[in-house]
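What follows is a set of notes on a single structure, which appears directly below.
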Amino acid sequence: MDSILVTGNGPLNGQIPIAGAKNACLTLMPATLLSEEPLTLTNAPRLSDIKTMTALLQSLGAEVSSLQDGQVIAMSSHNLTSQTADYDIVRKMRASNLVLGPLLARFGQAVVSLPGGCAIGARPMDLHVEGLEALGAEIELKDGYLHAKAPGGLKGAVHEMRFASVGATENIVMAATLAKGTTVLKNAAREPEIVDLVECLRKMGAQISGEGSSTIEIQGVDRLHGATHQVVTDRIELGTYMLAPAICGGEVELLGGRMALVESFAAKLDAAGVSVTETQNGLKVARKNGRVQAVDVVTEPFPGFPTDLQAQMMALMCTAEGTSVLEERIFENRFMHAPELVRMGANIEVHGGTATVTGVETLKGAPVMATDLRASVSLILAGLAAEGETTVSRVYHLDRGYEHVVRKLEGVGAKIERIKGE
Ligand code: EPZ
């Protein structure tokens, strides 16, 4: 397995291009199942999760080709041969469950493996099931698979979700586009990736309003046609790289960044003493003066502080002046980066869903292990600011969500290289 060697090398300066959003692409790709006509995505990120979704769609009989070095994904699900998403693919990537709604809507049946737990939590699918059952689906759990059918087709309904689940919102909205009648989805998730999905579905002929608010209304239509859609900028990659000058000093411009994508995160950075300003080409980030100040963080559904930036923010708080309390309210086990940061000299105490971080002047490089996607990049951020060398192992986690990390950070002066594993 490969590892990444990072050596603390002082302030970072220059530009980092931000790619298309992994979590938008992973819901836009299954949308191809809703139509017989081709769906093409541009500005797609080059990530292993995208390859996994490609393999899943191909296992269903869809044609998926990756063009222009992976930045364009051309898909057609004209001749599907299966409506079963196998465990061996779904267990690798939970987002595989996003084929459930589209398959049910187009074919009236779907067999999708439960994803099983992952490092950050149990990640059940009860909210997906409740929403699709509200649309008339009959769903039964058998041998670890959800067996879903809607023989007479799905019917529009009013449904309020118990929690604003991102994936459940995406599955229900996609299914409702082909249901008979009107669906009103209440307590819907408001993430920008959902807004991006709706904009794509609308290009395909769907009739949807309210995206980005807690109530989304969908008028079912008989069929959807093809489209071409540009994937929205990845706000989590954006936020991650905003932290690089924050933790190391210097000034970095994030190309393609937009303040609207990271409003609450940028406000937290501002309170910590890091300036974020909009430029012609993106966002410019720099410390306002010396050491950053400790701030408290509570993760919440959008537009609150994103859970996917909690691990990275913790790395910054490890070097801040004062004590920061980070509360993780979305996932039950998302502090696995904490013990690894402690190996680097951080002062962190975890009690249940709360981590208390008392900042230290400097972290010390050490061998550490990535445990999940966002934890892996938080360790790299810590290594950029630490004294000496940090080796991050198991970087396959990193490849799931960050393209060309070494090249992007080298480009702003970081001392970083990828070490080929056996
Ligand atoms: C999406 O996951 C993202 N993944 C996650 O990003 C992100 O952390 C999460 O939303 C929250 O923002 C993709 O978009 C591919 P949820 P999702 O349904 O849809 C519980 C990353 O690092 N829940 O909003 O699975 C669940 O257990 C990944 O890029 C139920 O209880 O998130 C969790 O505690 C990690 N029942 C909470 O809700 C359900 O039926 C949030 O889950 C569904 C979810």
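Taken as Cα centroids, the stretch 311-337 and the stretch 399-417 sit 22 Å apart, rounded to the nearest whole angstrom.
Mind giving me the FRET efficiency for residue 213 and residue 296? R0 is 22 Å, r the Cβ-Cβ distance, nearest 0.05 is fine.
For residue 213 and residue 296, the calculated efficiency is 0.20.
Evaluated at q = 0.10, 0.11, 0.15 Å⁻¹, the base-10 log of the normalised Debye intensity for the stretch 22-230, with identical point scatterers placed on the Cα atoms, takes the values -0.35, -0.43, -0.85. In terms of Cα atoms, the Rg and Dmax of the stretch 1-138 work out to 17.4, 58 Å. Of all lysines in the structure, the ones whose alpha carbon falls short of 30 Å from that of residue 288, not counting any fewer than 8 places away in one chain, are 268, 364, 408, 415. Modelled label positions at residue 186 and residue 263, each set 7 Å beyond Cα in the direction of Cβ, lie 2.4 nm from each other. Accessible area per residue (1.4 Å probe, heavy atoms of protein chains only) ranks 59, 66, 77, 82 as 66, 59, 82, 77, with the largest value leading.
With all pairs of different C-alpha atoms in the average, the Kirkwood value for the hydrodynamic radius of the chain is 21.9 Å. Rounded to whole Å and sorted largest first, what semi-axes of the equivalent ellipsoid does the C-alpha gyration tensor of the stretch 273-406 yield via the square root of 5 times each eigenvalue? Output for the stretch 273-406: semi-axes of 20, 18, 18 Å. Extent along the principal axes, Cα only, for the stretch 111-251: 60, 36, 26 Å, with the longest axis given first. Compute a Gaussian network model of the chain, connecting alpha carbons closer than 10 Å, and tell me which residue from 102, 38, 192 fluctuates the most. Largest GNM mean-square fluctuation: 38.
Label separation (residue 270 vs residue 140): 5.6 nm, computed from points 7 Å beyond Cα along the C-beta direction.
In terms of its Cα atoms, the stretch 342-419 spans 35, 26, 19 Å along the principal axes, sorted from long to short. Exposure check, 1.4 Å probe, all protein chains in place: residue 196 carries approximately 10 Å² of accessible surface.
Over the residues of the chain, the helix contribution to mean residue ellipticity at 222 nm works out to -8000 deg cm²/dmol, using -39500 (n - 2.57) for each DSSP H run of at least 4. Ranked by solvent-accessible area (1.4 Å probe, protein heavy atoms only, all chains present), the residues 159, 78, 147, 351 order from largest to smallest as 351, 78, 147, 159. Other residues within the sphere of radius under 13 Å centred on the Cβ of residue 196, judged by their own Cβ, net out at 0 (K and R +1, D and E -1). Spin-label model, residue 362 to residue 86: label points 7 Å out along the Cα-to-beta-carbon direction sit 5.2 nm apart.
The values are calculated or read from the model by the stated rules, or taken from the named source; none is laboratory data. These numbers come from a predicted model, not from an experiment. Using ideal geometry, Cβ is built from the backbone for each residue, glycine included, and neighbour counts are taken over all protein chains shown. The protein model used for the area step is the full one, side chains on, heavy atoms only, and it has no ligands, DNA or RNA in it. Shrake-Rupley method; radii C 1.70, N 1.55, O 1.52, S 1.80 Å.
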